[in-house]
Amino acid sequence: MTLSAERPLFGLVLAGGHSRRMQRDKAALAYAGQPQLTRAMAQLASLTDQCFVSVRPDQVNEPLRAQWPQIIDREGESGPLAGIRAAQAYAPHAAWWVLACDLPRLEPAALEHLLAKRDSSQFATCYLSAHDGLPEPLCTLYEPASAPALEQYARNGGRCPRKFLLTHPVCTLEPFSPEALDNINSADEYWQAMQDSRLHHAPARRLTLKYFAVLREQAGRSSETIETETSSAAALYAELRAKYDFTLPEAMLKVAINGEFTDWSTPLADGDEVVFIPPVAGG
């Protein structure tokens, strides 16, 4: 790596989203056996002087994110642009390589190619989308010269980093591969991605389970900790139903993961607390 000490290249992995469509923290989802935030940080750290994870203020102490140096969104700001601007405010002299955490099909070769084609005379270097031909802002090298323009863009009400790239001088590259920059935002997209053998890996997950009412009676316990290779709440309940002869079908229950009601298709992660909730008697 030949980086200038006067103008370092820092990495920023964006992990400050709310993951509303996924209904659980996307950064913690495992692909090929490791959380995708861990994978993204490792990929970017190998090509930069120092790598940070972008977080909201309420995520600072979250165990997965707390493993690395953090850039915290400024109060009142949110979204990818907020993360980029917070990083530039932290080190305005540096170039910032911004990467979304949820790109499981992104391979090191694509990152190496982007770095090799970097044009530091432009505001940024980025790939074009394989789907619509527009700049992809969340795998982009932002040069220090872009900081004042981004600041002005935000002051004028701009919120979309893609629109910023469309209206400013940037170096754009043809897609490295068709799916390299595809985000995985929902449970349906996750299960589709897991059909790819390169991403599928099923290590044992350690889960804490809680049972209520008839489920507690049939299981003979109110809680337990298990290890399982099942990867969704639906598959987990099917496994437990066979083990304990649960009489209630899935359709009569609600499921909560880590204190939040969620869909049965929501992916499970190591360390989750899963609660199956029967209908309340006497309604």
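Taken together, the values in this text are just the output of simple stated rules run on the coordinates, not laboratory data. All figures in this text were calculated on a predicted structure; none of them were measured in a lab. Positions of Cβ are backbone-derived with ideal geometry, glycine not excepted, and every protein chain shown enters the neighbour counts.
A compact table of results
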{"read-out": "Convex hull volume per residue in cubic angstrom - Cα atoms of segment 205-277", "value": "76 Å³"}
{"read-out": "Helix axis angle, 233-244 relative to the chain longest principal axis, alpha carbon, degrees", "value": "30 degrees"}
{"read-out": "By average C-beta atoms within 10 angstrom, highest first, the peptides 112-125, 211-224", "value": "112-125, 211-224"}
{"read-out": "Within segment 115-159, backbone nitrogen closer than 16 Å to the virtual label 7 Å beyond the Cα of residue 89 toward Cβ", "value": "147-159"}
{"read-out": "Long-range tail of P(r) for the chain (Cα pairs > 27 Å, %)", "value": "46 percent"}
{"read-out": "Rotationally averaged projected area of segment 83-132 (alpha carbon convex hull; nm²)", "value": "4.6 nm²"}
{"read-out": "Proximal lysines relative to residue 243, as straight alpha-carbon distance under 27 Å, when same-chain residues fewer than 8 apart are discounted", "value": "210, 254"}
{"read-out": "10 Å-binned pair-distance histogram of segment 134-252 (Cα, whole percent)", "value": "10, 26, 18, 16, 16, 12, 2"}
{"read-out": "Dimensionless Rg ratio for segment 114-156, taking C-alpha atoms and the 2.2 N^0.38 Å reference", "value": "1.25"}
{"read-out": "Whole-percent pair-distance distribution, where bins are 10 Å wide, for the alpha carbons of segment 99-171", "value": "19, 52, 26, 3"}
{"read-out": "FRET efficiency, residue 179 to residue 273 (Cβ-Cβ, R0 30 Å, nearest 0.05)", "value": "0.35"}
{"read-out": "Antiparallel DSSP beta bridges within segment 9-193, as percent of all bridges there, nearest 5", "value": "35 percent"}
